[in-house]
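What follows is a single structure, written as structure tokens, with notes after it.
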Amino acid sequence: MPEPIRLTIAHSPDPDDAFMWWPLGTPDSSPAIDTAPFEFVPVPEDIEALNRRAIERADLDITAISMHAYPHVREHYMLTSFGSSMGSAYGPKIVAREPRDTDWLATADPLIAIPGVRTSAYLALQLLLPGSPRVIAMPFDEIIPAINAQRADAGLVIHEGQLTFEQAGLHLVADLGAWWHDQTNLPLPLGANAVKRDLDDRFGAGTLARLATVLHNSLTHALANRERALAIAGAFTSNAGATDAQIDEFVSMYVNDLTLDMGDAGHTAVRELLDHGFARGLCPDPGPIDLLRPEG
């Protein structure tokens, strides 16, 4: 029997990514689906760290990235048509210790904690606000504590912090996904699944297509075995106060029909977000948004 093709698969250590990819196997369990001819090595890491790694090293075979990072890595990576996180009239939230509104954001020049300069959440924040907001970057799970410790005036929360910020005594200032939908009538593209373009060259023609099928099978298997998937996903929450119901709600928000296939609406949304970013000088020209699709 030939040796399997061993590939690294990096993902953010949050419930929705863990939900999608556990069927490929974990350090503690064998794959739940047929992954031949591949063997996967999971690499959980903060999303901004993965953005930097894709931009600076491009050494991971499959990796989660922010949509905002795609124009920086398109020479080495292509996006899959599935596995994306998109908010349909909801998304990352700007929160503060006291009730505020978007006028306060634009006029008071608050210091805003953000989860990274290449995150899609930060790109959307920059599109919302005129000029250049004052920001301080930190790991996503440190943002809510930083606001409460008065090390930042407001924060841009992602992952399950979008549901738990009120438990920490914070107030919603703006929902970037709702704002984007009001502007464009499109979902807000946030996370993407990216695959190295050179896999056919390294492992033979057809490798990319077979890989796309196996990855898509992982996603469909997880959705068909939701209870088990949620139990595994719950171990990846960064917020000890998140309830099982909140984890279920968060996964439902970002593992949905657009995750199975972004379709025309998702493709248009990616194009629109990155074109807006390029027009404002916030990211390079994304070029064509070519997508890797599963076989069949």
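The values are calculated or read from the model by the stated rules, or taken from the named source; none is laboratory data. All of these numbers come straight from a predicted model, not from anything done at the bench. In this analysis, Cβ positions are derived from the backbone assuming ideal geometry, glycine residues included, and neighbour counts consider all displayed protein chains.
For residue 178, indicate whether it is of a type in the set (A, V, I, L, M), part of a strand (DSSP E or B) and either assigned by TED's automatic domain parsing to the domain that holds residue 148 or under 17 Å from the mean Cα position of the chain (by Cα) (or both). Even if it seems obvious, please write down each step before you answer.
Values: of a type in the set (A, V, I, L, M): yes; part of a strand (DSSP E or B): no; either assigned by TED's automatic domain parsing to the domain that holds residue 148 or under 17 Å from the mean Cα position of the chain (by Cα) (or both): yes.
For residue 178, the condition - of a type in the set (A, V, I, L, M), part of a strand (DSSP E or B) and either assigned by TED's automatic domain parsing to the domain that holds residue 148 or under 17 Å from the mean Cα position of the chain (by Cα) (or both) - is not met.
Among the conditions (1) modelled with pLDDT under 95; (2) over 18 Å from the mean Cα position of the chain (by Cα); (3) under 18 Å from residue 168 (Cβ atoms), the only one that residue 139 does not satisfy is (2). Among the residues of the stretch 185-200, at least one is in a strand (DSSP E or B), within 24 Å of residue 73 (Cβ to Cβ) and β-branched (Val, Ile, Thr). Applying a threshold of 7 Å to beta carbon distances and a minimum spacing of six or more residues, or different chains, the list of pairs starting in the stretch 141-160 at a residue that is outside the structural domain of residue 235 (by TED's automatic domain parsing) and among the aliphatic types (A, V, I, L, M) and ending at one that is surrounded by 24 or more Cβ atoms within 10 Å (Cβ to Cβ) and at pLDDT below 95 reads 143/161; 144/161; 158/140. Only one of the numbered conditions (1) part of a helix (DSSP H, G or I); (2) surrounded by 20 or more Cβ atoms within 10 Å (Cβ to Cβ) is violated by residue 242, and that is (1).
Between 32, 58, 18, 10, the distinction of being within 22 Å of residue 287 (Cα to Cα) and either surrounded by 24 or more Cβ atoms within 10 Å (Cβ to Cβ) or touching a residue at least 40 places away in the same chain (Cβ under 8 Å) (or both) belongs to 58 only.
Counting just the residues of the stretch 145-169 that are small (Gly, Ala, Ser) and in a loop (DSSP other than H, G, I, E, B), which one comes out nearest to residue 252 (Cα to Cα)? Don't jump to the end; show me each part of the working.
Quick first cut of the stretch 145-169, residues small (Gly, Ala, Ser) only: 146, 149, 152, 154-155, 161, 168-169.
Applying the additional criterion that residues be in a loop (DSSP other than H, G, I, E, B) yields 149, 152, 169.
Working: 149: 31, 152: 30, 169: 24 Å.
Per the stated criteria, the residue is 169.
Of all the listed residues (206, 281, 277, 287), the sole one being touching a residue at least 40 places away in the same chain (Cβ under 8 Å) and either surrounded by fewer than 19 Cβ atoms within 10 Å (Cβ to Cβ) or farther than 19 Å from residue 74 by Cβ (or both) is 287. The residues of the stretch 113-136 that are assigned to a strand (DSSP E or B) and within 17 Å of the chain's Cα centre (by Cα) amount to a single one, 114. Inclusion of residue 127 among residues that are under 26 Å from residue 49 (Cα atoms), in contact with a strand residue (DSSP E or B) (Cβ under 8 Å, 6 or more places away or on another chain) and modelled with pLDDT of 95 or more is not warranted.
Condition check ((1) surrounded by fewer than 19 Cβ atoms within 10 Å (Cβ to Cβ); (2) within 21 Å of residue 44 (Cβ to Cβ); (3) in contact with a strand residue (DSSP E or B) (Cβ under 6 Å, 6 or more places away or on another chain); (4) outside the structural domain of residue 35 (by TED's automatic domain parsing)) across all residues:
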| site | (1), (2), (3), (4) |
| --- | --- |
| 212 | no, no, yes, no |
| 223 | yes, yes, no, no |
| 230 | yes, yes, no, no |
| 249 | yes, no, no, no |
| 263 | yes, no, no, no |
| 268 | yes, no, no, no |
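Quick one: would you say residue 65 is within 18 Å of the chain's Cα centre (by Cα), of a type outside the set (S, T, N, Q) and not assigned by TED's automatic domain parsing to the domain that holds residue 143? When the stated conditions are applied, residue 65 passes them.
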